[in-house]
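Peer 1: Below you will find the structure I want to go over with you.
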Amino acid sequence: MLHHPNDIPGYTVPLHRSLTDPILIAGAPRGFAILNGTLAASIGLGLRLWLAGLLIWIVGHAIAVWVTKADPEFLTVLSRHARHKGALTC
């Protein structure tokens, strides 16, 4: 293990990449991919609107992948924005 001159003994911890990377399913955040797939399946299977369900899944997943490439934590930011929107008005 390489030591840098600024390292203080006992205060350095090896940080694995799996602890910091977001959990993605096919490039989209896991929670959104599950929600999007459930919505598309309920419309496609439950209402028997196969093309509408497939279209919702493809468009929703494509948008999620596109936004995730720009910011992997966009769902967290979006939920915080929605929660604090009224409190931060000037």
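The values are calculated or read from the model by the stated rules, or taken from the named source; none is laboratory data. All values derive from a computational prediction rather than experimental measurement. Reconstructed Cβ throughout: ideal geometry from the backbone, glycine too, with neighbour counts over all protein chains shown. For the accessible areas, the whole protein counts, side chains as well, though only heavy atoms, and no ligand, DNA or RNA atoms are used. Shrake-Rupley method; radii C 1.70, N 1.55, O 1.52, S 1.80 Å.
Peer 1: Return one number: the angle in degrees, 0 to 90 and rounded to the nearest 10, between the long axis of the Cα atoms of helix 74-84 and the longest principal axis of the Cα atoms of the chain.
Peer 2: Roughly 80 degrees, rounded to the nearest 10.
Peer 1: Taking 7 Å along the Cα-to-C-beta vector as the label spot, tell me the Leu35-Ser79 distance in nanometres, rounded to one decimal.
Peer 2: A separation of 0.8 nm, rounded to one decimal place.
Peer 1: Another question, then. Identify the trypsin sites (Lys or Arg not before Pro) of segment 12-90 meeting these criteria: DSSP loop state and at most 14 other C-beta atoms within 10 Å of the C-beta.
Peer 2: Passing sites in segment 12-90 are Arg48, Lys85.
Peer 1: Take the solvent-accessible surface of the protein heavy atoms, probe 1.4 Å, and return the percent of it on the chain that carbon and sulfur atoms account for.
Peer 2: Looking at the chain in its full context, I get 69 percent from C and S.
Peer 1: On a 0 to 90° scale, report how tilted helix 30-41 is relative to the longest principal axis of the chain, with both axes built from alpha carbons and the result rounded to the nearest 10.
Peer 2: 10
Peer 1: Can you tell me the accessible area per residue over the chain, all protein chains present, probe 1.4 angstrom, in square angstrom?
Peer 2: Ligands and nucleic acids excluded, the figure is 86 Å² per residue.
Peer 1: A further question on this structure: So how strong a dipole does the chain carry about its Cα centre when Lys and Arg Cβ are +1 and Asp and Glu Cβ are -1, to the nearest 20 debye?
Peer 2: 340
Peer 1: Okay, moving on. For helix 50-70, what angle does its Cα long axis make with the longest principal axis of the chain, in degrees from 0 to 90 and rounded to 10?
Peer 2: Helix 50-70 and the main axis of the chain meet at about 20 degrees.
Peer 1: Tell me what the chain gives for mean residue ellipticity at 222 nm when only DSSP H runs of n ≥ 4 count, each as -39,500 (n - 2.57), the sum divided by the residue total, rounded to 500 deg cm²/dmol.
Peer 2: Numbers: 3 runs with 44 residues, N = 90.
About -16000 deg cm²/dmol.
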